[in-house]
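Remarks on the structure that follows.
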Amino acid sequence: MAESAEKLKILICQGTGGLASGAAQVAEAFETEFEKQGVEASIGKRCAVIGTGCRGLCANDVLVDVCIPGKEAVTYDFVTPELVPQIVQDHILGEGPIEKKKAGPYYEKFLEKQQRIIFSRCGTIDAESLDEFLEHRGFEGIRKAVTMKPSEVIEEVKKSGLRGRGGGGFPTGMKWSFCAATPGESKYLICNADEGDPGAFMDRSILEGDPYGLIEGLMIGAYAIGCKFAYVYVRAEYPLAIKRLQMAIDTCYEKGFLGKNCLGLGFDLDMRIKAGAGAFVCGEETALMASIEGHRGMSRPRPPFPAVRGLWGKPTNINNVETFANVSYIFYNGADWFNAIGTEGTKGTKIFALTGKVKHTGLVEVPAGTTIKEVIYDVCGGIENNRKFKAVQAGGPSGGCLPSNAIETEVDYDSLIKAGAMMGSGGLVVMDETTCMVDIARFFLQFTRVESCGKCIPCRIGLKIMLEILERITEGKGQEGDIELLQDMAYDIKKSSLCGLGQTAPNPVLSTIRYFRDEYETHIKEGECPSHSCKPLLHFRVIEDKCKKCGLCPRVCPVDAIEWEKGKVAYIDLEKCTKCTSCYDACRFMAID
Amino acid sequence: MVNLTIDGKQVTVSKTATIYEAACEAGVHIPVLCYAKKLMPYGACRVCLVEVEQMKGRLIPACTTPVTEGMVVTSTSDEIVKVRKTVLEFLLVNHVVDCPVCDKGGECDLQDLTYEYEVVSNRFEGEKFDLPTDEVNPLIERNMNRCVLCGKCARVCDEIVGYGSYSFINRGFETKIATAFDRGLNCEFCGQCVSMCPVGAILPRPFKFKARPWQLKEIDSVCGYCGNGCTVTLGTKDNKVETIRFNDKTGVNDGNLCVRGRFGYSFINSEDRLTKPLIRENGSLVETSWDKALARVADGLKQSGSETGIVTGARLTNEELFLLRNVAKALGSENIDHSGGECYKGLTEGLQQTLGLQASTATFPQVENCDAILSIRSDFYETHPVFGMVVNQAVRRNDAKLTVIADKRGKFTKLPEAKTLLHKPGLEVNLINAMCRVLLDEGLAKTERLSGVDELKAALADYAPETVAETTGVSVDAIRTAARELAAAENAAILLAYGLPYTAASKELGIAAANLSLLTGIAGRTGSGLYVCGEKNNSQGAIDLAVMPGATGLGAQQMLSAAAQGQLKALYVVGEDMVSSYPDRKAVELALDKVPFLVVQDLFLSPTAQMADVVLPAASFAEKDGTFTNAERRIQRVRAAVPSPGDARTDFNILSDVLSAFGAQAPATAAEAFAQLTADTAAYQGISLDMLGAQGYVWGTDILTPITRNLVAVAGSKPLDAAHQLLVGSALYHSGTMSTHAKGPMAVVSEPYIEFGREDAKALNVAEGDLVKLSADGEIIEAKAKVDNRLPQGVLFAPYHFSALGLNKIYRGQPAIAVQVGK
């Protein structure tokens, strides 16, 4: 502790988002600069450049914290390698922070309403360092858990009120008790890290930012249920997550924390990563198990439930990454502490991945009970380009769209379902007035139709037919009765599909019809897309009253279809226009229609 | 048991039952499409959805959901009907609906469901499938445009057959059933997929455009090929067998068949069938009348009298075998035998000396619940494929531990976690002895009630696992583990097949296997069994009816020697092609040449028949009534489905006439003969024809208790010292020589071959299809090479079914033949 306290630390977000924005180069620049300037000698302190997990504000990567001992940490955003010499020169060696380059007040606001529990180690510690993990309460949870009987551990989880974070919200303690109660010598524990919803990446951040924390959660679960083998099923599209988790597992084995007599606490646990093969349906637990067994990822009927007959026919317990991450903290701080956070029905915090037309896309962790509005406006700074909020898709392709009048809905399993969406894994795709709701329904259905495993008929064929109807509508070829037909088949598909994928896939269609039926009708009856998003229905023109003659649109037009002279209203040549929407997206005054 | 209510009806069913099974019991109809009784629950088609009061708010698939106490099920409601109809509409959007030219028309589940739910119009529209049809192989056609993706083909191929030809590929709507790399089907062609397909997506090609299902007459009979005794339901039209129908209600095979049973029926309709009696005049065979032929036979046999030899295959019915024995009696001859006379001695002498039995001790279906299975020879799957499928199910569904004592790899050795004791040729007995030794050394043997323990112990001094490991090339651990697993299992099975290509050390092998079954307690224990299975459809019947030399009689081999030395006056060969299939062709030919009077009764003018003085055209199994006894002692009824071609007659009729010619009494009908033979055969006493129900009747009950428990010491062999050793055996696609007259098996394996392992092929510079020569003892055989990875280095294999190869010129009953390979 003492040694590191005296270090000067540069914390650089090195999650997938950070790295994509050039975090590795920034880190290298710091190293080079420290060397070149002889910083350690000048300030008389060791300097450490530390790669941390994601800290949430991915929109503004690369984020860098400069932590000078004795002083408050300073956060810079949009850091590039070019900026590094200046930070070193002016801030570290000079008189202090460069105010201009510091993350603005929005960063404080971004953090203000959040309650970063699961993320407490993400973005603050070196994700790959076991020592740092141990310095931050690492393995305190499992050490506490083993002082209790397995049944007491399950009781503690029940008491905490933790519900599954994978989407369904099934009480975790109860799930554990089912598997624990099934007789059998060998049982399996599976961590579902096959995060496949478009726009969801919270599990990835945990895997990348706090892999040891996840291992600890799994240890507690395995001890409570009596599993000797745990699988973490990670989608193959998360190479960094797999690398970091594998590194963490390997380190744990080296130290004797995993394997026989884990941590010397008298229980055995082996852990292995199983990388997925790119199928969304493998996030469904029975398909996931089929995939681990080496079969094609296809759902199996339940019952028998995994707790009775799961992986290789043995009792199996499956939870999501975030659920296991929560477990560690429940044992650090106690079930009562956890139970005090959140609402009546939903305890603790929930991580959301915000994408779409929101200013600060990224990951936020808020206590249950926060409203969606607070998340979008207070935490994430509202809608991009100051446009009007239209809807938010909560729960990924299985969830639903919530319109502005439902935006006060609290982040809570039951409230979200009541509003026509679902918690899902926690993806929030924010849409503004330029987003067409029919097109959004089409987008999600396109996704589920392709990702259907093809086993059951309603999902395999039904979704394709639904999609074809939606495509027809977005092409202006909608027919009278299409909406009713969609609703009717959606109902039958939900009722008759084999697994969660098919049972929820029609949700985006149903919820958009519920809240935006008029948009569907306009498409069908008038052949118009009110949001100017459906290409075949577009015929762009400039609204003269609104045009501020700024000249932005001709600059973004890739085919020179816009005629403009300084001080004059722009004119779109429809002959040349390819309906690429660049002008429409670029116009800040909604002057293009 | 669990009580539940379905549509107001109270039912009590086993707690493992599904809602669907309970409904069947209650007589409530729930539609299904992807469900199959013999496959694991799947739940893909969603037409069996029902409402369950305890699970409100969603629809429950009846075929996968287990029953629970007090469940209240509604099988039909407006909502259920609507959802089922929607599902059918979905299916019909893309399905090609080419029913008028689809062979499945009239018995198609999709057609029936569409009709039942009156799907007269479709609210949805979409593209029709337009996938190419797989017509690469001659037996199974796959038209994926008709597929409903119920997965039954993939499931049956995996769960039951254990071949794994099919899988789902692609995702979503593009999902389809395909083979590896989406190529043409190339498998063992058992046609289980054909039988399971609910629509016309997988069809038997030989049956295409032959008949509408409702035009077919269906006759349940027993397959005429191997000792498995599968029920085959012959589909006939205009007195011709056109196809084999799917039938999972009768017999021992649960509707499963192999390529021979399903596609091997066409020899019945073969153009080459004998239709008229032939008689030798001036050196050549000419057609004649039955009267003349029979008179000649009666004359000839009367003259030879007790110096007549009678040899049969084991394809005749029990009734016919009974008559044949009566013919021998009438002639005063004890020279009667079957199947070469040597290969079955493991049973008749081996098991007799040890267990006091001459039959397998248990039934086939029991094996599915075995914990450990020992198969002696990997060829067991080749000789008895459908029993092999039961083994596959035991391994896959119940995690049975399978050990294969094998001189080459095969289907069994590839089953999940199968342990293969891959040994040098001819050393099976050595390995079994070593296993016995392990049991005795480690105190695992159940020696109480056994006699001969000390003698066996002493005799096994030379069979320490270490020694045997060295001789055979199998690891010590593998031998020990195999013995321990067999001893530890609650239910276990030992499998051993015999037949014409497995003549070597037959008796010794039978004794060794019996010793092992005694030491492990397998023989006679409920749930366990020693299976010694005959190659032919009625091998067991021939033994039960004692179609074997009497006390002073000659066996088949001695008859041949006697004939060769001019000491046999006549030979009556019924249903056997000795020249083609008996070991040592030269010797057989010499004997047949020398014997003064030779009568051959057969379906075809076989090489044996060509040497005859009189040839009598006989009937196939499809043309006669009677019974076969399969290798598990199951007596089943054979039924005539079609008339014989031309003047051909059943062996029963011919033998009756022969008996009459001698003035002996012959039973008038097969039924009468059955009554006589049961009275005459100890094990069959008290069995009447009406006791042979849908599952036949297993004589001696399911578990046959050993009469004696004698351990008998038996010596192993020494490995053959030769760089290249040829193994002779059965191929999966054929059975005896009969299947070489059937189009189905011939379409897959049409000519003889010599099989090489990859290493040998490389070293000898032999490629697939090359013409290769094998020479041994101055004789040369020639055939195309087949190269794969089944054979250990230095070991070659050739199937014995093809007369043209002349394999028995070099095969004289040796366990392996030292050969020189040339081109």
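Charge dipole of the protein assembly as shown (Cα centre as origin; +1 on each Lys and Arg Cβ, -1 on each Asp and Glu Cβ, all else neutral): 520 debye, rounded to the nearest 20. Longer than 19 Å from Cα to Cα, which of A:K455/A:K494; B:K419/B:K536; A:K36/A:K100; A:K187/B:K15 are they? Say none if no pair is. Cα-Cα > 19 Å for B:K419/B:K536; A:K36/A:K100; A:K187/B:K15; rest within.
Centre-to-centre, using Cα atoms only, region A:524-540 and region A:471-490 are separated by 15 Å.
Along region B:336-348 the Karplus relation, 6.51 cos²θ - 1.76 cosθ + 1.60 evaluated at θ = phi - 60°, assigns HN-Hα couplings of 9, 7, 9, 6, x, x, 10, 5, 8, 6, x, 7, 6 Hz to successive residues, with x for each Gly and Pro.
Take each residue in A:493-500, count the other chain C-beta atoms within 10 Å of its C-beta, and the mean is 5. Close amide H pairs (under 5 Å, H built 1.01 Å from N) link B:G164 with B:D158, residues at least 5 positions away or on another chain. Under 1.5 on a/c is rounded, so check that first for region B:695-823, then, if it is not, pick prolate when a/b is larger than b/c and oblate when it is not; a ≥ b ≥ c are the square roots of the alpha carbon gyration tensor eigenvalues. Here region B:695-823 falls in the oblate category. Give the residue from A:G38, A:L207, B:L805 lying farthest towards the positive end of the charge dipole for the protein assembly as shown; charges sit on Cβ (+1 for Lys and Arg, -1 for Asp and Glu) and the dipole is referred to the Cα centre. Final value for the positive-end residue is B:L805. Among A:205-214, B:129-138, B:557-566, the peptide with the highest mean count of other Cβ atoms within 10 Å heads the list, and the full ranking is A:205-214, B:557-566, B:129-138.
Coupling constants for region B:758-768 follow from the phi torsions by the Karplus curve (6.51 cos²θ - 1.76 cosθ + 1.60, θ = phi - 60°), and in residue order they are 4, 4, 4, 4, 5, 5, 8, 6, 10, 10, 3 Hz; glycine and proline get x.
Below 8 Å, C-alpha to C-alpha, sequence gap of six or more: please give me the relative contact order for region B:536-641 in percent.
It rounds to 25 percent for region B:536-641.
Put a plus charge on the Cβ of each Lys and Arg, a minus charge on the Cβ of each Asp and Glu, and nothing anywhere else: the dipole of region B:126-269 about its Cα centre is then about 320 debye. Which percent, nearest 5, of DSSP beta bridges in region A:2-104 are antiparallel? Around 55 percent antiparallel, to the nearest 5. The relative contact order of region B:725-822, computed from alpha carbon pairs under 8 Å that lie at least 6 residues apart in sequence, is 40 percent. Here the contact order of chain A, divided by its residue count and restricted to Cα pairs under 8 Å and six or more residues apart, works out to 11 percent. Going toward the positive end of the dipole of chain B, with +1 on Lys and Arg Cβ and -1 on Asp and Glu Cβ, which of B:Y117, B:T403, B:T552 do you reach last? Sorting the options by dipole projection puts first B:Y117. Across peptide B:83-90, the mean count of Cβ atoms from other chains lying within 10 Å of each residue's own Cβ comes to 6. Within straight-line reach of A:K102, meaning a Cα separation under 16 Å, sit the following aspartates and glutamates at least 8 residues removed in sequence or on another chain: A:D61, A:D65, A:E72, A:D77, A:E82, A:D90.
Note on A:E408 and A:L265: their simple-model spin labels are 4.5 nm apart, each label 7 Å out from Cα toward Cβ. If both residues of a DSSP beta bridge must be in chain B, then about 50% of such bridges are antiparallel.
Annotation: amide H-H contacts under 5 Å for B:I140 (H modelled 1.01 Å from N, sequence separation of 5 or more, or interchain): B:R205. Counting Cβ atoms of other protein chains within 10 Å of each Cβ in A:296-303 and taking the mean gives 5. Listed peptides B:727-733, B:517-523 appear in the order B:517-523, B:727-733 once ranked by packing, highest mean of other Cβ atoms within 10 Å at the front. The loop-placed GluC sites (Glu not before Pro) in region A:439-523, going by DSSP, that have at most 13 neighbouring Cβ atoms within 10 Å of their Cβ come out as A:E480.
Taking the mean number of other Cβ atoms within 10 Å as a proxy for protection, how do you rank A:145-152, A:81-88, A:66-73 from highest to lowest?
A:81-88, A:145-152, A:66-73
Placing a pseudo-label 7 Å from each Cα along the Cα-to-Cβ vector at A:K100 and B:S451 gives an inter-label distance of 11.1 nm.
Each Lys and Arg Cβ is given +1 and each Asp and Glu Cβ -1; about its Cα centre, region A:2-104 then shows a dipole of about 180 debye. Put the Cα centre of region A:328-360 next to the Cα centre of region B:265-296 and the gap is 91 Å. DSSP beta bridges fully contained in the protein assembly as shown are about 50 percent antiparallel.
Which of rounded, prolate or oblate describes chain A when judged by the alpha-carbon gyration tensor and an a/c cut-off of 1.5?
On the way: a/c = 2.19, a/b = 1.16, b/c = 1.88.
Oblate, because a/c is 1.5 or more while a/b does not exceed b/c.
The shape of the protein assembly as shown comes out prolate: with a ≥ b ≥ c from the C-alpha gyration tensor, a/c is at least 1.5 and a/b beats b/c.
Proximity of backbone amide H atoms, modeled 1.01 Å from N, is registered between B:G521 and B:K446 at under 5 Å, excluding neighbours fewer than 5 places apart on the same chain.
Centroid-to-centroid, using Cα positions, region B:550-601 and region A:109-139 are 91 Å apart. Inter-label distance, A:R517 to A:A48: 6.1 nm, where each label sits 7 Å from its Cα along the C-beta direction.
Across region A:457-464, coupling constants 3J(HN,Hα) worked out from phi with the 6.51/-1.76/1.60 Karplus curve, θ = phi - 60°, read 5, x, 6, 5, 9, x, 5, 5 Hz, and Gly and Pro carry x.
Listed by chain and number, the aspartates and glutamates whose alpha-carbon sits under 15 Å from that of A:K579, ignoring those within fewer than 8 places in the same chain, are A:E475, A:E528, A:D560, A:D593.
Computed from the coordinates by the stated procedures, all read-outs in this text should not be read as laboratory data. The structure displayed is predicted, hence computed values, not measured ones. Using ideal geometry, Cβ is built from the backbone for each residue, glycine included, and neighbour counts are taken over all protein chains shown.
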